[in-house]
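Here the structure comes first, spelled out in structure tokens, and everything after it is commentary.
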Amino acid sequence: MYRALATVALFKLFIALVIFFTSSTLDPVLLVSSLLVAISALIIRIVEEGEVAFVLVGLILFIDVIGLLLSLTSYILKTSVAYAFLVVWDVQTLLLFRRVLQM
């Protein structure tokens, strides 16, 4: 599970850098989300509890929803599309962790 979250952290950081280089604006919510995913991967690696992963991914999903709402209110298309993709990604990760916990 921690490897999946570490991969997601790198992916989110890559998206943040692409948005930064294309629009010359740094999105602090996306950077916080990327750092939180990386820290969550470390926490899950240490704790090795599935319930912790479920809660942390839920928190990351909440942060991405806030970022989506903020980007929609500021009418930035690139950031809105990136957040919409990340929200769908987080929901799928949450469903995957739920399925792993039920096994």
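The values are calculated or read from the model by the stated rules, or taken from the named source; none is laboratory data. All figures in this text were calculated on a predicted structure; none of them were measured in a lab. For neighbour counting, all protein chains shown are included, and Cβ atoms are generated from backbone atoms with ideal geometry for every residue, glycine included. Accessible surface is based on the protein model in full, side chains and every heavy atom, while ligands, DNA and RNA are left aside. Shrake-Rupley method; radii C 1.70, N 1.55, O 1.52, S 1.80 Å.
Restricting attention to the stretch 48-65, the residues that are out of contact with any Phe, Trp or Tyr (no Cβ under 7 Å at 6 or more places or on another chain) and under 19 Å from LEU13 (Cα atoms) add up to 8.
Among the numbered conditions (1) among the aliphatic types (A, V, I, L, M); (2) touching a residue at least 40 places away in the same chain (Cβ under 8 Å); (3) open to solvent by 90 Å² or more (accessible area, probe 1.4 Å), the only one that ILE76 does not meet is (3).
Across the stretch 37-70, the qualifying residues are those that are under 15 Å from ASP90 (Cβ atoms) and not aliphatic (A, V, I, L, M), and the one among them that is nearest to the chain's Cα centre (by Cα) is ASP64. A count restricted to the stretch 80-103 and to residues that are farther than 28 Å from ILE43 by Cα and either open to solvent by less than 70 Å² (accessible area, probe 1.4 Å) or touching an Asp or Glu at 6+ places or on another chain (Cβ under 8 Å) (or both) stands at 1.
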